[in-house]
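Everything on this sheet refers to the single structure shown next.
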Amino acid sequence: MKKESSHVLEVGGEGPLLVIHGGAGRRLHEMSPEQRAETDAALARAVDAGYALLSEGASALEAVIAAVHVMEDEPCFNAGRGAALTLDGRAEMDSCVMLGDGSTGAACGLTTARHPVDVARAVMERTPHVLFSSPSTKRLEEWGIEQVDPSYFVTERREAQLAEFKELEAARQESAQAQARAQAAEDARHGTVGAVARDAAGRIAAATSTGGITGQQPGRVGDSPICGAGTYADQRTVAVSCTGTGEKFIQEVAAHQVSARVAFCGQWLADAAGAMLDAVDGRGGSGGVIAVPATGAGAIGFTDGAQMNYAWAWRNERVTHE
């Protein structure tokens, strides 16, 4: 069952449910037919990989990790291979995993981990800490993380986006046309991948992975690896993964806000997600959110004027962004 309310969709129902996103902000009509087909196929592979595990009785954690793995390997998404590039042309990636019982792991400034989400999981399972910044290659080896040369993450598409960003930044003040083009480039800068799931035992989990934004200053960290901002899960309420203008999601404590609206305001999940997105929009940000509660239907939402790549699976239903 699905219900649409302005920019929020209600998806699925009771039982195992998986919802994923591949970023929000870039308008889908600006994608070429080839890019749209590439993205649709990648989303389908990711949601199938995660839901296949749920169908076999695997945990929500295993499902979200499997789905994010697929998207981190697909250069059409801003995570893992194909991550956005900083001003100095490098990929600096962030990730977070959180379970409904409060277990959390996150990492930022990753440059060699093939699957950044695996680093977040390792932090959660192998350390007493929550967040690591730029863990060394030796530490990653100790955690059993697959590593690659940093050049693996750099694609021609992202190099072209960085070059365009630099050119438009230099020309931004020269003409109205340049400013319009710069705004279009700004809309394409953002992107993240994420997954939220509920398994047959009713456990929920969230995972988010990102390359940040094109042309960001080296060392910048967005909302994705910050517990409560871009990623959150609470077994009493909901698992959440966000995407969009990271600074604005941090300011709104966006992911936790959805949970708090459900827990303390008694809002329906779709209403809570919509209210949070309105708050982000009110700060001049854009983006989207996916959420799966401990019981009932999940939610997919995005700010007015934005669109989001997403997919979800429940029982015999499989949907990629419409």
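The values are calculated or read from the model by the stated rules, or taken from the named source; none is laboratory data. In this text, all values refer to a predicted model and were calculated from it rather than measured experimentally. Backbone-built Cβ (ideal geometry, glycine too); neighbour counts: all protein chains shown. Areas reflect the complete protein model, heavy atoms only, side chains present, ligands, DNA and RNA absent. Shrake-Rupley method; radii C 1.70, N 1.55, O 1.52, S 1.80 Å.
Data overview
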{"read-out": "Phi-based couplings in Hz for the range 277-285 (Karplus 6.51, -1.76, 1.60; Gly and Pro marked x)", "value": "5, 4, 5, 4, 4, x, 8, x, x"}
{"read-out": "Base-10 log of normalised Debye intensity for the range 211-322 (one unit scatterer per alpha-carbon) at q = 0.13, 0.17, 0.23 Å⁻¹", "value": "-0.46, -0.78, -1.29"}
{"read-out": "Accessible area per residue, Å², the range 241-293 with all protein chains present, probe 1.4 Å", "value": "36"}
{"read-out": "Per-residue ³J(HN,Hα) for the range 238-248, Karplus 6.51 cos²θ - 1.76 cosθ + 1.60, θ = phi - 60°, Hz, x for Gly and Pro", "value": "7, 9, 9, 9, 10, 8, x, 6, x, 4, 6"}
{"read-out": "Fraction of beta bridges assigned by DSSP in the chain that are antiparallel (%, nearest 5)", "value": "95"}
{"read-out": "Label zone at Asp304, where the point sits 7 Å out along the Cα-to-Cβ direction: the range 247-283 residues whose backbone N lies under 12 Å", "value": "278-279, 281-282"}
{"read-out": "Rg in Å to one decimal, and Dmax rounded to a whole Å, for the chain via C-alpha atoms", "value": "18.0, 59"}
{"read-out": "Carbon and sulfur %, accessible surface of the chain computed with the full protein complex present, 1.4 Å", "value": "48"}
{"read-out": "Relative contact order computed over the chain (Cα-Cα under 8 Å; 6+ residues apart), in percent", "value": "27"}
{"read-out": "Euclidean distance of C-alpha centroids, the range 253-306 and the range 190-219, integer Å", "value": "15"}
{"read-out": "By accessible area with a 1.4 Å probe, ligands and nucleic acids excluded, highest first: order of Lys248, Lys138", "value": "Lys138, Lys248"}
{"read-out": "Solvent-accessible area per residue for the range 32-143 (1.4 angstrom probe, square angstrom)", "value": "37"}
{"read-out": "Estimated FRET transfer efficiency when R0 is 30 angstrom, pair Lys166-Glu247 (beta carbons, to 0.05)", "value": "0.90"}
